[in-house]
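Trainee: Here you go, one structure.
Every read-out reported here was derived from the displayed coordinates using simple, explicitly stated rules and does not represent laboratory data. What you are looking at is a predicted structure, and each value in this text was computed from that prediction instead of being measured. Virtual Cβ from ideal backbone geometry, glycine too; neighbours counted across all protein chains shown.
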Amino acid sequence: MSKDYPKPSVTVDTIIFALHNDEVKVLLIKRKYPPFAGKWAIPGGFVEVNEALSVAASRELEEETGLKNVTLKQFHTFGDPGRDPRGHTVTITYHTFLAEIPSNLVGADDADEASWFSVNTLPELAFDHDIVLDTAIKDLYTRIETTLQMTDIFVGELKLSQLRNIKHYRK
């Protein structure tokens with residue numbers, strides 16, 4: 001006899017950092033639909049049936065921001081049962097660090113707009129994305145301080161002198 005278990009929904013979120021004028025920026029989208037319509041959020045969405053997590057992450061990033069062919073690395077899982085008012089949702093986050101801000105950014109699909117924000121001046125965020133971003137930003141700054149670990153998450157030409165000049169994260 002098999003037991004039926006409740007099944008949480010699975011989502012992916014993509015945390016995209018970039019360096020601009022010696023400051024770390026993060027890419028956010030403004031949500032078009034409820035819940036949290038009009039609030040800023042990390043680009044992401046639901047994983048489709050039979051879809052690999054990494055494929056879902058790339059698809060959601062492209063659908064909501066127009067960014068294509070971004071190398072993403074799985075970062076962390078968040079699963080507090082109250083994180084999404086629609087029900088229990090587990091999200092797998094992916095992240096990367098770009099050496100420069102891409103110019104081909106567009107808000108699309110269920111995002112009204114996409115924009116870069118300083119990690120030190122973030123707007124009010126949807127869901128538990130403040131916790132998600134705080135976790136990712138602290139991890140990023142720990143990596144910057146040890147520099148050798150940066151090579152596994154950044155994309156592009158990033159000089160050590162740029163890392164030394166990055167303004168520190170204040171929370």
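Trainee: What list of ³J(HN,Hα) values in whole Hz, one per residue of segment 66-77 in order, does the Karplus curve 6.51 cos²θ - 1.76 cosθ + 1.60 (θ = phi - 60°) give from phi, with Gly and Pro shown as x?
Mentor: The phi angles translate into x, 6, 10, 6, 8, 6, 10, 10, 4, 10, 7, 10 Hz.
Trainee: Using R₀ = 22 Å, calculate the FRET efficiency as 1/(1 + (r/R₀)^6) where r is the Cβ-Cβ separation of E48 and D4; round to 0.05.
Mentor: Using R0 = 22 Å, I get an efficiency of 0.50.
Trainee: Using only alpha-carbon positions, what ratio does the radius of gyration of segment 78-153 give when scaled by 2.2 N^0.38 Å?
Mentor: 1.28
Trainee: Beyond 23 Å between alpha-carbons counts as too far, so tell me which of K30/K68; K25/K68; K32/K138 fall in that bin.
Mentor: K32/K138
Trainee: Report the antiparallel proportion of the DSSP beta bridges in segment 3-158 as a percent, rounded to a multiple of 5. Please list the in-between numbers first.
Mentor: On the way: 21 of 34 bridges.
That works out to approximately 60 percent antiparallel.
Trainee: In segment 1-109, what trypsin sites (Lys or Arg not before Pro) fall in a loop by DSSP, with at most 12 other Cβ atoms inside 10 Å?
Mentor: Those satisfying the criteria are K3, K68, R86.
Trainee: As I understand it, the dipole of segment 9-165 uses +1 on the Cβ of Lys and Arg and -1 on the Cβ of Asp and Glu, about the Cα centre. Which of T121, L105, T89 lies farthest toward its positive end?
Mentor: My answer, from the dipole projection, is T121.
Trainee: Now, a different point. What are the residues whose amide H is under 5 Å from the amide H of G66, where those residues sit 5 or more places off or on another chain and H is modelled from the backbone?
Mentor: Placed amide hydrogens put V106 under 5 Å from G66.
Trainee: Starting from the Cα gyration tensor of segment 28-82, take the square roots of the eigenvalues, sort them a ≥ b ≥ c, and report rounded, prolate or oblate (rounded when a/c is under 1.5, otherwise prolate if a/b is larger than b/c, else oblate).
Mentor: oblate
Trainee: I need the P(r) histogram for segment 9-165: all alpha carbon pairs, bin width 5 Å from 0 out to the longest distance, whole percents.
Mentor: Histogramming segment 9-165 at 5 Å steps yields 2, 9, 19, 24, 22, 14, 7, 3, 1, 0 percent.
Trainee: In nm, to one decimal, how far is the modelled label at E113 from the one at T77, with both set 7 Å along Cα→Cβ?
Mentor: Those two pseudo-labels are separated by 3.6 nm.
Trainee: Identify the GluC sites (Glu not before Pro) of segment 1-67 meeting these criteria: DSSP loop state and at most 14 other C-beta atoms within 10 Å of the C-beta. All intermediate terms of the calculation are to be shown ahead of the outcome.
Mentor: Details: sites: E23, E48, E51, E60, E62, E63, E64; in loops: E48, E51.
Here the sparse-neighbourhood loop sites are E48, E51.
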